[in-house]
Amino acid sequence: MTTAAIIVAAGRGQRAGGGVPKQWRSLAGRRVADWTLAKFEAAGLDHIVLVLSADDRDAWAEFESSRYILASGGTDRAGSVRNGLAVLENLSVTKVLIHDVARPCLSRRVISDVLIALNDRPAAAPGLAVTDALWTGAHGQVSGTQERDGLYTAQTPQGFRYDAIVAAHAAHPGGAADDVQVARDAGLPVAIVTGDADNLKITRPEDFARAERILGTDMDIRLGNGYDVHRFGDGDHVVLCGVKLPHDRGLQGHSDADVGMHAVTDAIYGALAQGDIGQHFPPSDPQWKGAASEIFLRHAVELTASMGYRISNVDCTLVCEYPKIGPHSAAMRAEMARIMGLNEGQVSVKATTSERLGFTGRSEGIASIASACLVSL
């Protein structure tokens, strides 16, 4: 089974206010779209399609080099979905989830339940049974009541067998409220899985405050630290935090001996309680001899997402007399941020000496200490 998600993010969201489309507004320290994308990253889907408006030039530039597949928004939501489905055409997708970007508080449980339901059904979607009394109204007064039995509030992601929803959209005349209606109009039965009361759709200005409360509760914060040392030996350069620095000696190690990147990697593993580099990439295994430490760090970052966390920030301190780190720290921060998919403001690289004490003071090697903070999605 090959799974994919289509995140519809081409709308303008005028009712939410703020002067910019709601998906690009700040929410609990990140943009709405960033929260939503992170939830699907953590779910481990094979492909993620991000449907963007042609007007969102900055977003196109930002995401064009990411792992996301980009698609252009249509004249309406259905057109955006069709464009998202089209870019998946040759990727052998079997299950596809279609989700509104303005639902950043969805849970991994909902995503999982929809995917599981698609094992033996052509379509499934989360919904919540209506429990409140329902009124009809006119001119500001109650004009009647409405039976609530059998009524559900619809949520996303709505899931489908890929071929079935492609055919359903191709045959639909337009005007559907959502993809479930498109599927039902094509004769597809749609299973209801239990939704989540926190899976709200941000529509009005006051919804931002509620979403912030949801995202700020039950947050699991993990802290980890890493420490690494490599001795000097023959060579004409060192690699520190992904940057090659000319030096009269090199660092010795089984891999490229990037002591800074190793410490950060171990800090992330430590925060996840997943051991250290040696457990994931044993030095006894010849395939890692001389390997670029970026491989190890990327693995730690991917493991972070798969376990339902995001990296909030990392802090790395290099301990050495030489080479001097200060002139290169900006480049190191930029390279580490690139590898981890973070902003440079989330990455700190600094240096200190040991006042000529100990092995670092005698310039026998370089040590590194690192800390990492992870936050649950």
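The values are calculated or read from the model by the stated rules, or taken from the named source; none is laboratory data. Since the structure is predicted, the reported quantities are computational estimates derived from the model, not experimental observations. Note that we place each Cβ from the backbone using ideal geometry, even for glycine, and neighbour counts take in every protein chain shown.
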Taking segment 73-88 and the residues there that are in contact (Cβ under 8 Å) with a residue 12 or more places away in the chain and surrounded by fewer than 16 Cβ atoms within 10 Å (Cβ to Cβ), the one that is nearest to Pro122 (Cα to Cα) would be Ala86
The condition from (1) out of contact with any Ser or Thr (no Cβ under 8 Å at 6 or more places or on another chain); (2) in contact (Cβ under 8 Å) with a residue 24 or more places away in the chain that Gly260 misses is numbered (1)
Go through segment 187-210 and report how many residues are in contact (Cβ under 8 Å) with a residue 60 or more places away in the chain and out of contact with any helix residue (DSSP H, G or I) (no Cβ under 8 Å at 6 or more places or on another chain). 3
Total residues in segment 328-377, condition of a type in the set (Ser, Thr, Tyr) and either touching a helix residue (DSSP H, G or I) at 6+ places or on another chain (Cβ under 8 Å) or on the phi > 0 side of the Ramachandran plot (or both): 6
Inside segment 331-377, can you point out the residues that are among the polar types (S, T, N, Q) and either touching a Phe, Trp or Tyr at 6+ places or on another chain (Cβ under 6 Å) or in contact (Cβ under 8 Å) with a residue 12 or more places away in the chain (or both)? Gln346, Ser348, Thr352, Thr353, Ser354, Thr360, Ser363, Ser368, Ser371, Ser376
For residues that are touching a residue at least 40 places away in the same chain (Cβ under 8 Å) and surrounded by fewer than 16 Cβ atoms within 10 Å (Cβ to Cβ), scanning just segment 296-306, find the one that is farthest from Met261 (Cα to Cα). Ser306
Subset tally (residues that are closer than 22 Å to Ile311 by Cβ, among the β-branched types (Val, Ile, Thr) and in a loop (DSSP other than H, G, I, E, B)) for segment 190-225: 1
Which condition does Ala267 not pass, out of (1) of a type outside the set (Phe, Trp, Tyr); (2) modelled with pLDDT under 95; (3) not in a loop (DSSP other than H, G, I, E, B), if it passes all the others? (2)
Within the group Leu342, Leu303, which residue is modelled with pLDDT under 95, assigned to a helix (DSSP H, G or I) and over 23 Å from His237 (Cα atoms)? Leu303
Test for Ser376: is it closer than 17 Å to Ala263 by Cα and of a type in the set (Gly, Ala, Ser): no
State whether one or more residues within segment 278-291 are farther than 16 Å from Val347 by Cβ, surrounded by 23 or more Cβ atoms within 10 Å (Cβ to Cβ) and either without any contact (Cβ under 8 Å) to a residue 24 or more places away in the chain or of a type in the set (D, E, K, R) (or both). no
Of everything in segment 31-65, what is surrounded by fewer than 21 Cβ atoms within 10 Å (Cβ to Cβ), in contact (Cβ under 8 Å) with a residue 12 or more places away in the chain, assigned to a loop (DSSP other than H, G, I, E, B) and small (Gly, Ala, Ser)? Give them in sequence order. Gly44, Ser53, Ala54
Tell me the strands (runs of 3 or more DSSP E) entirely within segment 92-170 that contain at least 2 residues that are without any contact (Cβ under 8 Å) to a residue 40 or more places away in the chain and within 23 Å of Lys201 (Cα to Cα). 134-138
